[in-house]
Amino acid sequence: MMHDMPSMRERLDAGQLVLCMALTQARTADIPMLAAAAGFDAVYVDLEHTATSLETTSLLCSGAIAAGITPLVRVPSHAHQYLTRSLDIGAMGVIVPHVDTRAEAEHIASACRFPPRGARSISGPSPANRYQPMPQRDLLDAFDAQTTVAVMLETPDAIANADEIASVSGVDMVMVGPHDLTAEMGILGQFRDDGFLDAVRTVAKACRAHDTVFGIAGIRDVDLLTELVGLGLRFVSAGTDAGFLSEAAGAHAARLRDIPLEVQR
């Protein structure tokens with residue numbers, strides 16, 4: 001550990017459930033702080049589906065680190081510049097969408113770790129180590145140790161390759177992307193469908209076989225998540241900042257609209 005920040009990796013290594021909030025609309029450092037206060041262990045900045053810039057990403061990562069939770073970034077592609085720049089500006093891990101093959105997973109794992117473990121370009125202190133001066137080799141080893149590389153399986157082909165992908169050295173987590181996966185399967189949003197559940201079981205089995213973290217995003221059904229935890233699920237992307245705001249604000253507005261307007265005489 002480079003500092004006294006509670007580590008998502010330590011929670012995962014201890015077999016605890018990690019809760020992550022996706023940041024889609026957040027633009028200021030106080031939102032990761034609110035996520036921490038609400039009980040989340042991590043946030044991920046979504047660069048796949050949003051207009052968030054890398055400059056804002058760095059700010060959000062710094063806010064998460066200051067709040068004592070782990071910042072991750074979901075990158076928009078497998079391109080190394082998104083992977084390494086996200087890590088260089090404060091992310092302590094990346095979530096990489098649409099990974100279908102072992103070769104793709106190997107490329108991603110190599111891009112995210114320094115030689116001799118991979119081919120990441122050498123960088124210096126960053127928000128991820130709170131800019132603490134360290135001998136260069138110690139710094140790179142510490143960055144490698146704390147970096148979480150998560151790949152998302154979102155197609156039937158990816159599910160078929162789950163065991164090979166989960167076996168790749170340097171891939172720490174395999175996540176199911178349920179919305180894209182069920183769309184590809186022709187059963188969009190049907191998370192109780194036997195075909196989808198079989199796919200999830202395939203990924204869970206692969207993760208257990210290779211001691212890789214099993215994660216999922218986009219499912220709110222607590223009963224289903226409880227069942228998946230029984231299969232080894234340990235990382236849940238539990239919702240987005242925009243979704244939580246809309247849900248809570250909408251529910252409270254509905255309660256207020258129900259106040260009767262009769263004047264007491």
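The values are calculated or read from the model by the stated rules, or taken from the named source; none is laboratory data. Source: prediction; values computed, not measured. All Cβ positions, glycine included, derive from the backbone under ideal geometry; neighbour counts span all protein chains shown. Ligands, DNA and RNA are excluded from the accessible area calculation, which covers all protein heavy atoms including side chains. Shrake-Rupley method; radii C 1.70, N 1.55, O 1.52, S 1.80 Å.
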| said: Let me check against my output: what whole-number percent is the relative contact order of the stretch 102-251, with C-alpha pairs under 8 Å and at least 6 apart? | reply: 18
| message | Taking 22 Å as R0, compute the FRET efficiency from the Cβ-Cβ separation of Ala254 and Arg220 and round it to 0.05. | response | 0.75
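Rounded to a whole number of µm²/s, how large is the Stokes-Einstein D of the stretch 179-234 at 10 °C and 1.306 mPa s, given Rh as the Kirkwood radius over C-alpha pairs?
The estimated diffusion coefficient comes to 137 µm²/s.
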| task | Considering only Ser86, Ser237, Ser121, give the residue with the highest GNM mean-square fluctuation for the chain, with springs between Cα atoms whenever their separation is below 10 Å. | result | Ser121
| Calculated from DSSP H runs of 4 or more alone, at -39500 (n - 2.57) each and per residue, what is the 222 nm mean residue ellipticity of the chain, nearest 500? | -13000 deg cm²/dmol
| So what is the relative contact order of the stretch 125-212, in percent, for Cα pairs below 8 Å that sit 6 or more residues apart? | 27
| field | Contour excess over end-to-end distance, with Cα ends at Leu261 and Gln16 and 0.36 nm allotted per residue | value | 83.3 nm
| remark: Between Glu247 and Ala160, Cβ-based FRET efficiency (R0 35 Å, step 0.05) works out to 0.50
| Given 0.36 nm per residue, what is the gain on full extension from Asp198 to Leu54 after removing their alpha carbon distance, in nm? | 48.1 nm
| task | Return the FRET efficiency for the residue pair Tyr131, His179: r is the Cβ-Cβ distance, R0 is 41 Å, and the value is rounded to the nearest 0.05. | result | 0.65
| field | Per residue accessible area of the chain, 1.4 Å probe, in Å² | value | 47
| request: Averaging sequence separations of C-alpha pairs under 8 Å and six or more residues apart, then dividing by the length of the chain, give the relative contact order as a whole percent. | output: 18
| request: Note down the nm distance, to one decimal, between modelled labels 7 Å out along Cα→Cβ at Ile187 and at Glu227. | output: 1.1
| remark: At 37 °C and 0.692 mPa s, the Stokes-Einstein diffusion coefficient in µm²/s for the stretch 159-258, with hydrodynamic radius from the Kirkwood sum on alpha carbon pairs, is 221
| query | Roughly to the nearest percent, how much of the accessible area of the chain is carbon and sulfur, given a 1.4 Å probe? | reply | 53
| query | Along the stretch 249-265, what does the Karplus equation 6.51 cos²θ - 1.76 cosθ + 1.60 (θ = phi - 60°) give for ³J(HN,Hα), rounded to whole Hz, x for Gly and Pro? | reply | 5, x, 5, 5, 4, 5, 5, 5, 5, 7, 5, x, 9, 4, 7, 6, 10
| message | Restricting to Cα atoms and excluding each atom paired with itself, what does the Kirkwood estimate give for the chain in Å? | response | 19.1
| query | Residue by residue, what Karplus-based ³J(HN,Hα) values in Hz, rounded to whole numbers, does the stretch 54-63 have, using 6.51, -1.76 and 1.60 with θ = phi - 60° and x for Gly and Pro? | reply | 5, 4, 5, 4, 4, 4, 5, 5, 5, x
